[in-house]
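As structure tokens, the structure follows; a few thoughts come after it.
No lab work stands behind these numbers, since they all come straight from the coordinates. Being a predicted model, the structure only gives us computed values, none of them experimental. Here the Cβ positions follow ideal geometry from the backbone for every residue, glycine too, while neighbour counts run over all protein chains shown.
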Ligand SMILES: [Zn+2]
């Protein structure tokens with residue numbers, strides 16, 4: 001089979017955005033809704049630096065500071081905040097906490113994880129291997145991000161080439177394919193391979 005690349009992908013129909021899904025399925029909160037839920041603080045440590053929306057599953061998102069989002073290094077003792085966050089009633093926070101605890105080997109983390117009370121469906125979402133979209137350099141992509149194309153990409157069926165250096169704003173992630181995002185280029189909504197973009 002021919003490798004799947006942008007040149008073979010026809011322009012997509014515009015998809016409904018997750019958080020306006022009228023069937024109320026897979027409702028993912030946007031950044032403003034997350035700020036309201038979280039009270040404008042990190043949902044793990046209550047910090048306020050570099051708060052951003054982090055999707056933990058296709059239906060769960062959390063508001064995290066740059067340390068809890070693992071963008072800046074954690075100072076010693078930082079992750080002890082997980083012990084308190086483990087009591088959150090928000091499924092998305094429970095999932096984020098459960099996974100982080102799962103990656104820590106200290107006894108307190110093992111205990112905190114074992115004591116978490118999660119609904120079975122939430123526990124299943126936490127344990128499922130998440131689909132993570134990454135750009136050409138391995139940076140994690142979230143819906144709403146801006147990316148830049150790192151090569152010229154002819155768009156079959158649309159009659160134009162998306163030029164290297166083009167910024168694509170407010171991307172969405174293709175939920176079932178870690179290699180695909182969607183975005184608008186020259187007013188057309190197209191599928192773009194993550195290997196050809198860099199997060200801005
Ligand atoms: Zn934090």
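Looking at (1) surrounded by fewer than 18 Cβ atoms within 10 Å (Cβ to Cβ); (2) more than 15 Å from the ligand (Cβ to nearest atom); (3) part of a helix (DSSP H, G or I), which one does residue 105 not meet, given that it meets all the others?
Among (1) surrounded by fewer than 18 Cβ atoms within 10 Å (Cβ to Cβ); (2) more than 15 Å from the ligand (Cβ to nearest atom); (3) part of a helix (DSSP H, G or I), residue 105 violates only (3).
Quick check on segment 112-124. Is at least one of its residues surrounded by fewer than 16 Cβ atoms within 10 Å (Cβ to Cβ) and within 19 Å of the chain's Cα centre (by Cα)? Before you say what the answer is, go through the steps one by one.
Quick first cut of segment 112-124, residues surrounded by fewer than 16 Cβ atoms within 10 Å (Cβ to Cβ) only: 114-115, 117, 119-121, 124.
Adding the requirement that they be within 19 Å of the chain's Cα centre (by Cα) leaves 124.
So far as segment 112-124 goes, yes, one or more of its residues are surrounded by fewer than 16 Cβ atoms within 10 Å (Cβ to Cβ) and within 19 Å of the chain's Cα centre (by Cα).
Would you check which residues across segment 149-178 are surrounded by 16 or more Cβ atoms within 10 Å (Cβ to Cβ) and within 20 Å of the chain's Cα centre (by Cα) and list them?
149, 168, 171, 172, 173, 174, 175
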